[in-house]
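**Q** Provided herewith is a single structure, encoded as structure tokens, for subsequent inquiry.
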């Protein structure tokens with residue numbers, strides 16, 4: 001029988017992790033956030049508080065619901081604090097070795113029937129599951145950014161994922177008032193398989209001098225009716241994440257069309273990762289973003 005999920009653990013208190021905790025708490029789940037840095041947990045809780053306050057001001061959430069949801073979220077300073085969770089969702093950095101290490105450690109403290117999930121945007125669910133003692137109870141639950149606003153969640157079964165885990169995951173996503181799309185376990189799944197090569201091509205367009213940052217973003221917003229230009233979107237996602245996904249696509253599919261643009265590599269090497277470092281294809285340190293090229 002599918003497992004009834006009541007308590008959810010979230011590994012990683014960054015933008016994605018605190019967004020996942022946010023929607024889980026509003027949906028009535030008890031949530032525990034863990035991060036290697038306890039200060040990041042406190043920062044994540046403050047972000048959740050602020051984002052829920054914005055929802056209250058817009059009338060999409062009541063103040064009472066906000067207070068109840070915030071009371072459901074707790075800090076898990078040690079992985080042992082997640083021991084009685086029914087589902088733990090990993091949302092750490094997009095590096096396979098980091099994720100595998102997290103899952104290996106989690107298996108030592110979780111109940112045998114607990115479910116494990118990764119929020120990875122590109123890495124093989126089958127390979128991640130192989131690092132655990134429960135590959136049949138492992139699944140990809142890939143949220144879109146920003147989590148509280150985006151409706152879609154990709155569900156990705158590994159080769160060993162069983163039907164009960166899949167059904168539990170579908171019920172979980174539905175209770176979050178999200179819509180799921182089922183993706184096969186291929187590099188970058190559906191959304192990023194399509195989106196990131198487009199962003200990478202926009203960066204090549206900049207690299208080759210076809211257009212400036214401003215021209216490229218304006219062209220796609222006004223010419224293709226995109227709500228955000230591809231370079232602005234890359235900054236929002238994080239250029240390190242964009243590079244990681246392109247590397248997974250390039251290595252996993254062995255096709256030169258997925259080769260990361262050298263300019264993307266250069267920006268990441270410079271530490272210009274987008275909004276989170278205040279510089280990427282735009283400089284965010286002033287009153288308004290200014291293109292860096």
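Throughout, read-outs are computed from the coordinates displayed, never taken from laboratory work. Computed from a predicted structure; not experimentally measured. Backbone-built Cβ (ideal geometry, glycine too); neighbour counts: all protein chains shown.
**Q** For labels at residue 75 and residue 215 in the simple 7 Å Cα→Cβ model, what's the distance in nm?
**A** 5.1
**Q** For the residues 144, 220, 246, what sequence is obtained by ranking on other C-beta atoms within 10 Å, fewest first?
**A** By the 10 Å Cβ count, ascending, the order reads 144, 220, 246.
**Q** Which whole-angstrom value gives the distance between the alpha carbon centres of the stretch 273-292 and the stretch 70-91?
**A** Cα centroid of the stretch 273-292 versus Cα centroid of the stretch 70-91: 33 Å apart.
**Q** Enter the angle in degrees (range 0 to 90, nearest 10) between the Cα long axis of helix 15-26 and the first principal axis of the Cα atoms of the chain, meaning the one along which they spread out most.
**A** Once rounded, one gets 40 degrees.
**Q** Within a 10 angstrom radius of the beta carbon, how do 68, 61 rank from fewest other beta carbons to most?
**A** Exposure proxy ranking, most exposed first: 68, 61.
**Q** Mind sorting 208, 201 by how few other Cβ atoms lie within 10 Å of their own Cβ, fewest first?
**A** 208, 201
**Q** Based on the inverse mean of 1/r over its pairs of different Cα atoms, what is the Kirkwood hydrodynamic radius of the stretch 193-285, in Å?
**A** 13.1
**Q** Taking the Cα centroid of the stretch 187-212 and of the stretch 107-147, what is the distance between the two, rounded to the nearest whole Å?
**A** 28
**Q** Report, to the nearest 10°, how far helix 96-106 tilts away from the longest principal axis of the Cα atoms in the chain, using its own Cα long axis and a range of 0 to 90°.
**A** Rounded to the nearest ten degrees, it is 10.
**Q** Expressed in nm to one decimal, what extension gain is obtained for the pair residue 269 and residue 186 from 0.36 nm per residue of sequence separation less their Cα-Cα distance?
**A** Numbers: separation 83, 0.36 × 83 = 29.88 nm, distance 2.73 nm.
Fully extending the segment from residue 269 to residue 186 adds 27.1 nm.
**Q** Taking Cα pairs under 8 Å and at least six residues apart, what relative contact order does the chain come out at, in percent?
**A** 14 percent.
**Q** How much length would be gained if the chain were fully extended between residue 225 and residue 162, taking 0.36 nm per residue of separation minus their Cα-Cα distance, in nm to one decimal? Could you put the intermediate results ahead of the total?
**A** Details: separation 63, 0.36 × 63 = 22.68 nm, distance 4.05 nm.
Contour length minus Cα-Cα distance gives 18.6 nm.
**Q** Here is a further query. Give, in whole angstrom and from largest to smallest, the semi-axes √(5λ) of the equivalent ellipsoid of the chain, with λ running over the eigenvalues of the Cα gyration tensor.
**A** Calculated on Cα positions only, the semi-axes equal 32, 23, 17 Å.
**Q** If you count, for each residue, the other Cβ atoms within 10 Å and average over each peptide, how do 96-105, 32-41 line up from highest to lowest?
**A** 32-41, 96-105
**Q** Would you mind calculating the relative contact order of the stretch 193-293 from Cα pairs under 8 angstrom and at least 6 residues apart, reporting the percent as a whole number?
**A** After rounding, I find 27 percent.
**Q** For the stretch 195-243, what's the relative contact order in percent, using C-alpha pairs closer than 8 Å and at least 6 residues apart? It would help to have the intermediate numbers written out before the result.
**A** On the way: 33 pairs, mean separation 15.8, N = 49.
Relative CO of the stretch 195-243 lands at 32 percent.
**Q** Okay, moving on. Can you tell me the length gained on complete extension of the stretch residue 170 to residue 257, counting 0.36 nm per residue apart and subtracting the Cα distance?
**A** Numbers: separation 87, 0.36 × 87 = 31.32 nm, distance 3.36 nm.
Computed gain between residue 170 and residue 257 is 28.0 nm.
**Q** Suppose only helical runs count, i.e. DSSP H with n ≥ 4. What mean residue ellipticity at 222 nm does that imply for the chain under -39500 (n - 2.57) per run, divided by all residues and rounded to the nearest 500 deg cm²/dmol?
**A** -13500 deg cm²/dmol, from helical runs alone.
**Q** Give me the angle, in degrees from 0 to 90, between the Cα long axis of helix 239-253 and the longest principal axis of the Cα atoms of the chain, rounded to the nearest 10.
**A** Roughly 80 degrees between the two axes.
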